[in-house]
Amino acid sequence: MNNNEIIISGNNLELTQALKDDVINKMSKIFTHEDKIIRLRIDLEYSPNKRKENEFIAKGRIEINGPDMIVSAQSNDMYKSIDELAVMLARKIRRRHRLSRIKRDTVQNIDI
């Protein structure tokens, strides 16, 4: 990661080195989808509830030229939440790239 910045923060849980390494490994792949990503913010949160379901929340915010993209994933396991978040963020950035390509192609076809 040369100029790509990943900011990791924890809420109601201790950020261990293993958690940080897992987040960096999963989220660094997102930078390969789009060159214009400025920063990636990941918030890991533990919110206890009485039902013991979906206690671990991973929130991701991609700061990019244009509106930021915000995604959240919840599960019973923090690592599972991180995996789901990485998939959701990659899907969202690919969709944005595909839509911009479609818009570009339709504008070129109109000019002809």
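The values are calculated or read from the model by the stated rules, or taken from the named source; none is laboratory data. Values in this document were obtained by computation on a predicted structure and should not be read as measured data. So basically every Cβ, Gly included, is an ideal-geometry build from the backbone, and we count neighbours across all protein chains shown. When the accessible area is computed, the model is the full protein with side chains, heavy atoms only, and any ligands, DNA or RNA have been set aside. Shrake-Rupley method; radii C 1.70, N 1.55, O 1.52, S 1.80 Å.
Restricting attention to region 24-56, the residues being in contact with a strand residue (DSSP E or B) (Cβ under 8 Å, 6 or more places away or on another chain) and within 20 Å of Arg94 (Cβ to Cβ) number 12.
For region 47-105, a residue qualifies if it is of a type in the set (Gly, Ala, Ser) and either open to solvent by 90 Å² or more (accessible area, probe 1.4 Å) or touching a His at 6+ places or on another chain (Cβ under 9 Å) (or both), and exactly one does: Ala90. The set of residues from region 4-32 being in a loop (DSSP other than H, G, I, E, B) and of a type in the set (A, V, I, L, M, F, W, C) comprises Leu13, Leu15.
The set of residues in region 1-42 being of a type in the set (A, V, I, L, M) and more than 13 Å from the chain's Cα centre (by Cα) consists of Met1, Leu13, Leu15, Ala18, Leu19.
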